[in-house]
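Report on one structure; see the data block that follows.
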Amino acid sequence: GENVEQHPSTLSVQEGDSAVIKCTYSDSASNYFPWYKQELGKRPQLIIDIRSNVGEKKDQRIAVTLNKTAKHFSLHITETQPEDSAVYFCAASIRAGGYNKLIFGAGTRLAVHP
Amino acid sequence: NAGVTQTPKFRVLKTGQSMTLLCAQDMNHEYMYWYRQDPGMGLRLIHYSVGEGTTAKGEVPDGYNVSRLKKQNFLLGLESAAPSQTSVYFCASSYSTMGGRGETQYFGPGTRLLVL
């Protein structure tokens with residue numbers, strides 16, 4: 001079946017450094033790629049998303065890039081802060097039964113050390 | 001505007017017992033989803049609904065049933081709980097699944113289920 005692979009599974013950085021999380025997807029028809037942040041004990045919350053007709057999107061310190069040819073997309077966090085520490089999930093849409101559903105990656109646990 | 005809510009927050013079951021998890025949303029969303037979250041496996045779709053009175057299977061539907069009798073509610077049932085169903089269950093909803101901001105899925109706070 002369709003899947004999304006996410007790397008790395010854990011990432012540790014110093015405050016102020018950049019963090020990059022990468023995902024690859026298998027369905028060439030996928031056209032929507034959201035990223036969710038989940039703090040400990042909380043619900044996943046959307047932080048940024050990108051569509052297949054766009055190569056890059058930026059929102060303050062976070063950005064997402066998409067390479068449709070290679071079927072991979074990445075999350076970039078610059079100037080990391082301790083409050084960025086969380087688990088980050090990527091997802092890709094797949095079409096089934098006339099509707100889009102999301103397939104999620106396994107998650108990346110990001111730790112930002114002061 | 002409460003968004004997506006789930007009850008209960010936490011439950012302990014014995015093997016073979018049954019229970020129902022309730023998800024409610026007040027955003028008039030058409031689409032609703034049930035996921036389970038296990039360590040190292042991300043979020044996996046159990047069942048979903050594309051409108052009142054409709055349900056469909058996701059990636060891991062075995063052992064679960066769902067119902068969507070009202071647009072705002074989506075129920076997840078476990079008829080005979082097994083230890084393998086120990087997990088955190090998240091409900092989500094979206095306005096649509098096809099393009100635009102309506103595709104964003106909003107998650108509930110989760111239900112932590114332990115099956116002994």
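The values are calculated or read from the model by the stated rules, or taken from the named source; none is laboratory data. Since we're looking at a predicted model, the values are computed, not measured. In this analysis, Cβ positions are derived from the backbone assuming ideal geometry, glycine residues included, and neighbour counts consider all displayed protein chains. SASA here: full protein model, heavy atoms, side chains in, ligands and nucleic acids out. Shrake-Rupley method; radii C 1.70, N 1.55, O 1.52, S 1.80 Å.
Worth a mention:
Residue by residue, here is whether (1) at pLDDT 95 or above; (2) buried (at least 17 other Cβ atoms within 10 Å of the Cβ); (3) away from chain A (no Cβ under 13 Å) holds:
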site	(1), (2), (3)
B:62	yes, no, yes
B:70	yes, no, yes
B:85	yes, yes, yes
B:94	no, yes, no
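- For segment B:48-60, the set of residues classified as touching a Ser or Thr at 6+ places or on another chain (Cβ under 8 Å) and more than 11 Å from chain A (Cβ to nearest Cβ) consists of B:55 only.
- Residue that is most open to solvent (accessible area, probe 1.4 Å) [pool: residues in segment A:104-114 that are within 14 Å of chain B (Cβ to nearest Cβ) and part of a strand (DSSP E or B)]: A:109
- Counting only strands (runs of 3 or more DSSP E) that sit wholly inside segment B:9-109, those with at least 1 residues that are among the aromatic types (Phe, Trp, Tyr) are B:10-13, B:31-37, B:43-49, B:73-78, B:87-94.
- Taking segment A:20-103 and the strands (runs of 3 or more DSSP E) fully enclosed by it, the elements with 2 or more residues that are aliphatic (A, V, I, L, M) and more than 18 Å from residue A:7 (Cα to Cα) are at A:45-51, A:86-96.
- Within segment A:14-51, restricting attention to residues that are touching a residue at least 60 places away in the same chain (Cβ under 8 Å) and open to solvent by 40 Å² or more (accessible area, probe 1.4 Å), the residue that is nearest to the other protein chains (Cβ to nearest Cβ) is A:31.
- If you go through segment A:58-80 and keep only what is touching a Gly at 6+ places or on another chain (Cβ under 8 Å) and touching a residue at least 60 places away in the same chain (Cβ under 8 Å), you end up with A:79, A:80.
- Qualifying residue in segment A:2-9 (condition: more than 25 Å from residue B:23 (Cβ to Cβ), in a strand (DSSP E or B) and in contact with a Cys (Cβ under 7 Å, 6 or more places away or on another chain)): yes
- Filter result for residue A:22 (among the charged types (D, E, K, R), modelled with pLDDT of 95 or more and touching a His at 6+ places or on another chain (Cβ under 8 Å)): yes
- Verdict on residue A:76 being away from every other protein chain (no Cβ under 14 Å), in contact with a Cys (Cβ under 8 Å, 6 or more places away or on another chain) and open to solvent by 10 Å² or more (accessible area, probe 1.4 Å): no
- Residue in segment B:35-47 that is over 30 Å from residue A:6 (Cα atoms) and more than 10 Å from chain A (Cβ to nearest Cβ) present: no
- Screening B:27, B:19 for residues that are open to solvent by 30 Å² or more (accessible area, probe 1.4 Å) and not charged (D, E, K, R) leaves exactly one candidate, B:27.
- Residues located in segment A:56-73, provided they are crowded, with 17+ Cβ neighbours inside 10 Å and among the β-branched types (Val, Ile, Thr): A:62, A:64, A:65
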